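Reading through the structure tokens given below for one structure.
The values are calculated or read from the model by the stated rules, or taken from the named source; none is laboratory data. The model shown is predicted, which means the values in this text are computed figures rather than measured ones. Here Cβ is always computed from backbone atoms with ideal geometry, including for glycine, and neighbour counts include all displayed protein chains. Quick note on the areas: whole protein, heavy atoms, side chains included, nothing else; ligands and nucleic acids left out. Shrake-Rupley method; radii C 1.70, N 1.55, O 1.52, S 1.80 Å.
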Amino acid sequence: AAYTPRHQQGALQSLRAMFAVLGPRVCILPTLRYAVHIVLQLIATIELQSDCCSILAYLVEQVYSQQQLQQCAVALQPILARLSECLDSNAQLLQPCPPLLPRTAGDRLLDSCVGSASTATVTAANKELKRVLRMLTVDAPVPLHAMLAIADPLPSDADLQDVSEFLRELQQGQSAQQQLLHFAERAAALAPTLRLRSLQRLSAAVHSESSPVFGVPQIDAEGRLTLPSCPGAVVDAIWRLARLSTQLQDGAMAALAGELLALLGPLSSSAVAFHTHALARPVTGSSTSATDVSSVSSKGSGASARQPASAPVWLPSALRQLNAALLDADVGVIKVAQVTLRKLLSWPANHGALQHFDADMQTHLSIFSSVSQLQSKQMPLEALQNALQKRQLLSLEGTSYDSWVCRLAALLLPYSSAHELRACKNMVVRRADFAESLLPHILVDLALHEVDLEVCQLLSDQVTRHVLTQSDGSAEAVSLLLSCLSHLRACHIAAQLQGSRPAQQAEGTTNPKDWGKVYWLMLDYLKVARAAVAVSATFSALLYVEHQSEEKNGCLQIESSAHGFDEERALSEESRLLLDIYQSIEEPDGIYAIARSAHPQMQRALFSHEGNWSRVLTAAQQFTSAGAAEAVQALQHLGCHHHVLTYVAGLPSEQSIDMSEAQAESAWRLGTWESLPPHAQQPAAQSMSGSSSSSS
């Protein structure tokens, strides 16, 4: 609750007193981890750096005296990175800034009273930062040297020259691949200056001939130069840097990632992937869903009763999120995360999920293992059926997306058959990202255990009414729905692949092959496709249009081209969706298969795709009632902005309102703001502000 440096300083003294009372018990891993997290959050404030360094020094001394070096190793990298960031920011504060205006006697008097004190504060803070830095590097025990070998570079400082030389000696045996993997894992969390230093060190290691990233080239028997196969983790790290460079707008990182991708060479010609990182580290898909299906379908059978139970496939991801929630600013979230971890790890079968983490994380999470098995009671599906009969249950109106997804997950979780899912009920109420990650698995569990169609039909009606409608739905809710449907479809495909070797079905479960639809939910595929187009998921929309065609016609069938030039005969919903999809994707030839019809709307779409705007304008003028938007678009591309304003002014009022954005753009290009009607003033003001900000 302390927000000013003065109040935070008082809170730090209370924290220091609490650590003194705890004594050696402060070295317990969860306590030490949370204590370091609190201090590192406050150390960026210059007035608090000396106090924070004093607390860090006390914690380090306690760890060293108790020989709890494993606990120190967990927090070593974040502490070193944070100390380096503080030294970088303090160095900028000490640099003199040239005055913009001539300095007066009052300015010089103010500098003598305030400026010198500020400089003294920064200097004292730097002294404490360097003291703690030396404790963690030069004065660190030998068992910590392995962790220091992957430490990030320190700032250029004469007082730290011996520390930097010490770290360079420890890092001599580190290969370029190891540096690449470490940097790709931490780059997103590094400050810009620290990220640049780490990137420069990585670039030097990559260009070093002594330890190339892709191994030493070899000459085969035919005299050809070949590179050894690159590990999948390295390929994944390179693609991660390429994506991260775009998000961070980091040109140096993009250049290095591009160079590494060029050295890596093209992907296999037989590989097809929408997400390249899925090639090296699959997270979701048929493998995940196949595990869900096989574990549920054999539950309760005699064969599986003799086999050791395995952890749910979603559990490692959930444990990772719960571990991050232990450092949340909300104390309530921390308490709920601790209780949820104890429930999940109280079952011995779930301990296998810890194998997905490194040794430090396993040690930390194993603390939450409990002897007694904590299990919550499952509620009957009849109660869910009664709840879903309320029309506004899944309504997004008047609520945020985070509240909506938490409410949806909390509604469905008590009816899940998996005790691991039910154990997460209190957590999904607190964290929207946690609810998002569990919702696909919740729906799969309901689909596999819902014998009648009442719950499925009621839930489908709620989703159609509140998510797939443009007025009530939101882009985030539609994207989440598409992810859930994709997971359900993967379960159906996994069940189809297991058809040749059927497993014994547990009592009270249903086989995904027997679902009424591939996605279990009884949804209109065209409505789902239209919602997918609205959130720019064009390839997913194309998949749903194909499903609709197969369900309706039994095969993929495009509307016949034997139609006359009849503007009054409306295109089918499938044809309109296909036009929107192929106009949205940068695929040059696909639209020619769709726009085979002589229908004017298809012809205008084809002319627009080819950039033949004069023919678009001619075709739109023949059918003014339906081609107003195409006519305005053609006039804009032809540069006839005067005609745009005149043309839109002559349209009926309801059509003129729809063209407000086009009017605003033409008025911006012509500079004739006074000619705009009132309903176009707001888009015009937005265009003007956008242009002024971009020009500045």
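The table below lists the values:
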read-out	value
For the stretch 1-95, accessible area per residue (1.4 Å probe, heavy atoms of protein chains only), Å²	46
Extension gain from VAL142 to GLU586, taking 0.36 nm per residue of separation minus the Cα-Cα distance	154.1 nm
Extension gain (nm, one decimal) between LEU263 and ALA649, 0.36 nm per residue minus Cα-Cα	133.2 nm
Extension gain (nm, one decimal) between ALA349 and GLN92, 0.36 nm per residue minus Cα-Cα	87.2 nm
Separation of the ALA57 and SER572 label points, Cα + 7 Å toward Cβ, nm	7.9
Across LYS390/LYS425; LYS335/LYS377; LYS513/LYS552; LYS390/LYS517; LYS390/LYS527, pairs whose alpha-carbon gap is larger than 27 Å	none
Label-zone membership for the stretch 173-206, site MET361, 7 angstrom Cα→C-beta point, backbone N under 11 Å	none
